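In what follows, a structure is listed as structure tokens, so that the remarks can point back to it.
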Amino acid sequence: MNSIKLLAIIAVVACTVACNTKAKEVEKPMRPNILFIMSDDHTTQAITAYGGIYDEYAQTPNIDRLAHEGMIMRNVFCTNGICGPSRASIITGKYSHINGYYKNEGGGHFNPDQWTFPEELHNNGYQTAMFGKWHLGSEPRGFDYYKYHEGAGQQGFYWNPVYNQNGETVTEKGYSTNLTTDFALQWLDQASKKDQPFCLLLQFKAPHRNWEPDTKYVDLWEDIEMPYPETYNDNYKGREKTAGDTDMTMDDFNRKDMKLTPPEELSGKELNRWYTFGNKRGDVVYLDQSLTPEQNRNKKYQIYIKDYLACVKSVDDNVGRVLNYLDKHGLAENTIVIYTSDQGFYLGEHGWFDKRFMYEESLRMPFLIRYPKLIKAGSENTDIITNIDFAPTIIDAAGIVKPDDVQGNSFLPNLTGNKADNWQTSMYYHYYEFPFWHHVQPHYGIRTDRYKLIHFYYNVDVWEFYDLQNDPHELNNLIDTPEYASLIDSLKNQLEEKRELYKNGKSLEELRAITDKDFGSIVGH
């Protein structure tokens with residue numbers, strides 16, 4: 001073979017290898033974009049994809065799109081049912097006693113030096129941004145850009161909100177749910193043009209207290225009487241020292257909650273005292289002195305539930321704006337979209353508003369996820385998942401291995417119907433804050449697919465046990481029922497194993513000391 005032929009063969013082989021290599025590079029899967037949408041206090045009872053008594057009146061078609069085009073997850077639970085601590089667990093993948101953020105009132109400042117999934121993604125080439133409610137006291141880290149709510153202990157304001165924009169305080173005119181989405185879409189306009197994936201945290205203030213709807217929705221259900229939950233008139237029999245001893249009933253709304261108009265001459269501290277009347281035990285707001293106590297209670301519920309659902313309406317509208325943006329710009333196929341909330345909420349169940357308890361309505365979190373490349377449209381999942389599992393799942397989707405000290409686990413395999421090996425069959429919960437706000441006894445517990453065991457321990461020593469199959473509303477505390485004695489003993493052992501597994505084997509004295517400790521200045525219930 002002459003030299004010319006040999007060179008020609010080498011050239012063909014080299015070209016073939018190069019072309020095949022290039023083809024493989026082109027075929028290499030793109031890392032997904034991540035859009036993490038989280039509202040505040042949005043409960044599954046107010047999302048029509050989950051079904052509930054408000055479906056006829058208050059549909060959520062845009063949030064429901066994620067269920068129709070992706071997966072609805074039915075057993076996702078928070079590990080500490082209150083805003084700041086849940087958010088800390090979500091971004092760290094760790095329980096409150098590990099990430100150091102136990103409660104809101106006196107909850108301190110989240111330690112920004114610890115690992116978080118946004119910073120991990122940022123360190124691995126992702127563009128990162130966060131808009132809306134942060135509520136962790138510290139400056140966000142690991143973001144190229146952030147614009148979070150300031151004021152009212154970082155709760156922010158519904159109208160004309162104040163934001164911290166990359167360290168600069170700015171006041172914007174308008175309604176916060178719409179504004180926060182505006183800013184997020186403006187950022188996406190830039191990020192989507194770059195040759196690197198993005199992770200966007202879009203975190204709405206709504207529908208948090210004081211439930212202020214957008215103007216167009218204020219009178220949406222003016223002539224309708226909303227239905228009452230089945231447990232609205234719960235008498236707390238067998239749960240008198242726990243469920244029966246709270247400040248979160250219809251009697252505990254304040255004047256601001258009820259949208260009452262103050263006397264014109266009040267201002268400053270006097271005006272604030274007028275608005276907050278109702279927060280103190282024994283101070284009951286009467287809307288009309290001619291009403292009976294029961295009529296007054298029902299009227300307050302109607303105001304509350306309509307305002308809450310009207311705030312949700314704006315959240316749903318803006319979720320629709322974001323999904324439409326992804327469609328319009330060709331981003332939907334390669335973007336993981338998650339919709340969740342920091343915990344559930346009571347919409348009159350057990351006669352309550354707010355959260356905190358380990359009972360189902362506040363323990364359960366909405367979680368809907370769409371990723372066309374991986375998740376079958378219209379699918380659902382019933383595995384037990386907690387908010388500490390979010391972070392490892394998100395980075396797993398980006399091809400990143402979680403650090404050893406992250407306590408949660410990736411449920412990415414579960415999204416395809418192939419449950420991850422040795423997946424958990426129960427979850428551990430722990431709530432610490434007392435007595436302010438809402439006078440809910442600190443407690444910890446375990447929930448399996450059927451049973452729930454709770455220990456209330458601060459200034460009571462009360463155990464509660466529920467068979468969720470036979471008592472889904474948790475009205476019958478069966479802790480002293482002989483036929484369940486063996487099962488309860490087994491659950492107590494499993495609960496202690498969970499506490500040890502998650503490194504929270506503290507004594508009751510040590511746990512009470514955490515409740516009593518003031519960790520710092522950030523407030524906001």
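Brief remarks on what is shown
- Contact order relative to length of the chain, as percent, for alpha carbon pairs under 8 angstrom and 6 or more apart: 25
- Ascending count of other beta-carbon atoms within 10 Å, so fewest first, for D449, D144, D389: D449, D144, D389
- Three principal axis extents of segment 336-411 based on alpha-carbon atoms, in descending order, are 45, 34, 18 Å.
- Alpha carbon centroid spacing (whole Å) that separates segment 167-188 from segment 489-521: 39
- Placing +1 on the Cβ of every Lys and Arg and -1 on the Cβ of every Asp and Glu, with no other charges, gives segment 86-197 a dipole of roughly 240 debye about its Cα centre.
- Whole-Å distance, taken between Cα centres, linking segment 58-104 and segment 269-309: 29
- Unit charges at the beta carbon, dipole of the chain: most positive-side option, T48, I98, A398: A398
- Over 19 Å (Cα to Cα) - which of K313/K373; K194/K376; K194/K373; K194/K328; K241/K506; K205/K517 fall in this group: K313/K373; K194/K376; K194/K373; K241/K506; K205/K517
- Ranked from largest, the principal axis spans of the Cα set of segment 263-359 equal 57, 37, 24 Å.
- Global dimensions of segment 377-425 from alpha-carbon coordinates: Rg and Dmax equal 10.8, 34 Å.
- Rounded to whole Å, the principal axis extents of the Cα atoms in segment 414-502 read 44, 33, 26, largest first.
- Which of C83, C311 has the fewest Cβ neighbours within 10 Å, and the rest in rising order: C83, C311
- Listed residue (N123, G70, G142) projecting farthest to the positive dipole end of the chain, Cβ model: N123
- The residue among L291, G351, V337 whose Cα reaches farthest toward the positive pole of the charge dipole of segment 290-395, with charges on the beta-carbon of Lys, Arg, Asp and Glu, is L291.
- Euclidean distance of C-alpha centroids, segment 329-363 and segment 114-166, integer Å: 20
- Loop-resident trypsin sites (Lys or Arg not before Pro) (DSSP state other than H, G, I, E or B) in segment 152-256 with no more than 10 further Cβ atoms inside 10 Å of their Cβ: K173, K193, K194.
- Relative intensity, log₁₀ I(q)/I(0), of segment 36-114 from a Debye sum that treats every alpha carbon as a point, q = 0.14 Å⁻¹: -0.59
- 5 Å-binned pair-distance histogram of segment 222-318 (Cα, whole percent): 2, 11, 17, 20, 19, 15, 9, 5, 1, 0
- Over segment 191-271: Rg over Rh, Cα atoms, Kirkwood Rh: 1.14
- Relative contact order, whole percent, for segment 316-364 stands at 24, derived from Cα pairs under 8 Å and 6 or more residues apart.
- Per residue, the convex hull spanned by the alpha carbons of segment 349-494 comes to 158 Å³.
- By the beta-carbon count within 10 Å of each Cβ, the least crowded to most crowded order of L136, L309, fewest first, is L309, L136.
- Net charge dipole, the chain: roughly 1660 debye, given to the nearest 20, about the Cα centre with Cβ charges of +1 for Lys and Arg and -1 for Asp and Glu.
- Dipole magnitude for segment 242-350: about 200 debye, using +1 per Lys or Arg Cβ and -1 per Asp or Glu Cβ, origin at the Cα centre.
- The chain: calculated mean residue ellipticity at 222 nm from DSSP helix runs of at least 4, using -39500 (n - 2.57): -9000 deg cm²/dmol
No lab work stands behind these numbers, since they all come straight from the coordinates. All values reported here derive from a predicted model rather than from experimental measurement. Glycine also receives a Cβ, built like all others from the backbone with ideal geometry; neighbour counts cover every protein chain displayed.
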